[in-house]
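The values are calculated or read from the model by the stated rules, or taken from the named source; none is laboratory data. From a predicted model like this one, the values you see are computed outputs, not experimental measurements. Glycine also receives a Cβ, built like all others from the backbone with ideal geometry; neighbour counts cover every protein chain displayed. Note: accessible area is taken over every heavy atom of the protein model, side chains too, but ligands, DNA and RNA are not part of it. Shrake-Rupley method; radii C 1.70, N 1.55, O 1.52, S 1.80 Å.
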Amino acid sequence: MPTPTACLALADGTLFYGYGIGATGTCVAELCFNTAMTGYQEIMTDPSYAGQVVTFTFPHIGNVGATPEDDESADPVAAGLVVKWDPTQPSNWRSAQTLSEWLAAKGRIGIAGVDTRRLTRAIRAQGAPHVALAHDPDGKFDIEALVRQARDFSGLEGLDLAKDVTCAQSYRWDETRWAWPNGYGTRTGAAPKVVAIDFGAKRNILRCLADAGCDVTVLPATATAEDVLAQSPDGVFLSNGPGDPAATGSYAVPMIRGVLEKELPVFGICLGHQMLALALGARTVKMNHGHHGANHPVKDLETGKVEITSMNHGFTVDSQSLPAGVTETHVSLFDGSNCGIRMADRPVFSVQYHPEASPGPQDSFYLFERFRAAMTPAG
Ligand SMILES: NC(=O)CC[C@H](N)C(=O)O
């Protein structure tokens, strides 16, 4: 058996050996598992994964290589990845690099050859363990140091990571979705002006807003209510993003409250949902091992319909804490946790899941349509 060239050390001392792919070195992070069967590149470049190593439960990861078109942000933001099988040569005409080459070019570490079923059970039992992941082509590991690094990592609770992944300056977004056949981008009538707050926005969210016919200006996470209102928006969008919502809320909540005073339509996704809930007076809590996948059933409590959704969150809005005037609109059919809210009397709403998919099903695109309709009642 060849010498293992990568080691994943959990804070409790459990070790997983495998074969290193991508960059060499060590990273320290929180560990989660994602059950999506496709879209590893979109997952690795989703800024919401900052500070996390992702274990893919689907065994064949890397089969279609990597292409710049599939990046959800400029760089991979997940700290590293864990896969079961050593990736095979890519079989895809779109592939520009192998997964390992792509990870190496982006400075991200991977480990292949891990019993990801056993590891996933450990994640479920321990609740998002802290880990150190090391890749050394010579297979030399200081195990005590790795376990110590994992133990010393403080975890995501209390961490504001949105400010690390947000854009430096505001910009306009005008790209629509790649090869999307329904012609959402070809509407007539004036495009409502949307200010999108970038807490770590995935590109496909911005594409979906553009597809829904919105004129999108992106502002950094630290934008104030004055910055937002200076754009004279018809509506405000709150993006996904990494870290602890309560920490990011320290500056985002005053901004959102300032926007709410002006009675503008507001739509939030994931971290944006959590931010809106905090601004309305609810609270957020850390989950045991979160929801990360592309087949999470969610029930729309107002229509009774079930949507299959893409999810990626480790914190959740405590539905018991929702104040009067805020309605719970969606719940997870896996564990009953909150998946959506709206203000009873105005078009201010948000969802915990990812209607932009990428990867995942597109059942929930109607939310972008709903947001557009709220800004252009006659359009
Ligand atoms: N995808 C997201 O926006 C994640 C939100 C938040 N960081 C969480 O883990 O719950």
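Data overview
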item: Out of THR309, THR329, sole residue that is more than 19 Å from the chain's Cα centre (by Cα) and open to solvent by less than 30 Å² (accessible area, probe 1.4 Å); result: THR329
item: Selection status of GLY62, touching a Lys or Arg at 6+ places or on another chain (Cβ under 7 Å) and closer than 22 Å to ARG117 by Cα; result: no
item: Pair list, Cβ < 8 Å and 6+ apart or interchain, from region 154-165 residues that are assigned to a helix (DSSP H, G or I) to residues that are at pLDDT below 95; result: VAL165/VAL77
item: Unmet requirement for GLY293, which otherwise passes all of (1) open to solvent by 10 Å² or more (accessible area, probe 1.4 Å); (2) assigned to a strand (DSSP E or B); (3) farther than 25 Å from ASP234 by Cβ; result: (1)
item: Among residues of region 128-150, those that are in contact with a His (Cβ under 7 Å, 6 or more places away or on another chain) and open to solvent by 20 Å² or more (accessible area, probe 1.4 Å), counted; result: 0
item: Among residues of region 12-59, those that are open to solvent by 20 Å² or more (accessible area, probe 1.4 Å), of a type in the set (Asp, Glu) and under 20 Å from the mean Cα position of the chain (by Cα), counted; result: 1
item: Selected residue (only one of GLU356, GLU328 is outside any helix (DSSP H, G or I), within 14 Å of the ligand (Cβ to nearest atom) and either acidic (Asp, Glu) or without any contact (Cβ under 8 Å) to a residue 12 or more places away in the chain (or both)); result: GLU356
item: Matching entry among GLY304, GLY281 (being on the phi > 0 side of the Ramachandran plot, touching a residue at least 12 places away in the same chain (Cβ under 8 Å) and more than 10 Å from the ligand (Cβ to nearest atom)); result: GLY281
item: Yes/no for SER239 being crowded, with 19+ Cβ neighbours inside 10 Å, assigned by TED's automatic domain parsing to the domain that holds LEU280 and of a type in the set (Gly, Ala, Ser); result: yes
item: Candidates PRO297, PRO265 - the one that is of a type outside the set (A, V, I, L, M), closer than 21 Å to PRO359 by Cα and away from the ligand (no atom under 16 Å from the Cβ); result: PRO297
item: Filter result for the condition that a residue is over 16 Å from the mean Cα position of the chain (by Cα) and within 16 Å of the ligand (Cβ to nearest atom), over ALA210, ALA225, ALA221, ALA246; result: ALA246
item: Within region 46-80, tally of residues that are closer than 19 Å to SER95 by Cβ and in contact (Cβ under 8 Å) with a residue 60 or more places away in the chain; result: 4
item: Out of GLU263, GLU369, GLU356, sole residue that is within 20 Å of the chain's Cα centre (by Cα), charged (D, E, K, R) and closer than 24 Å to VAL194 by Cβ; result: GLU356
item: Selection from region 200-221 of residues that are farther than 20 Å from SER232 by Cα and in contact with a helix residue (DSSP H, G or I) (Cβ under 8 Å, 6 or more places away or on another chain); result: GLY200, ALA201, LYS202, ASN204, CYS208, ASP211
item: Top-ranked residue in region 60-86 [being assigned to a loop (DSSP other than H, G, I, E, B) and small (Gly, Ala, Ser); ranked as nearest to ALA9 (Cα to Cα)]; result: ALA79
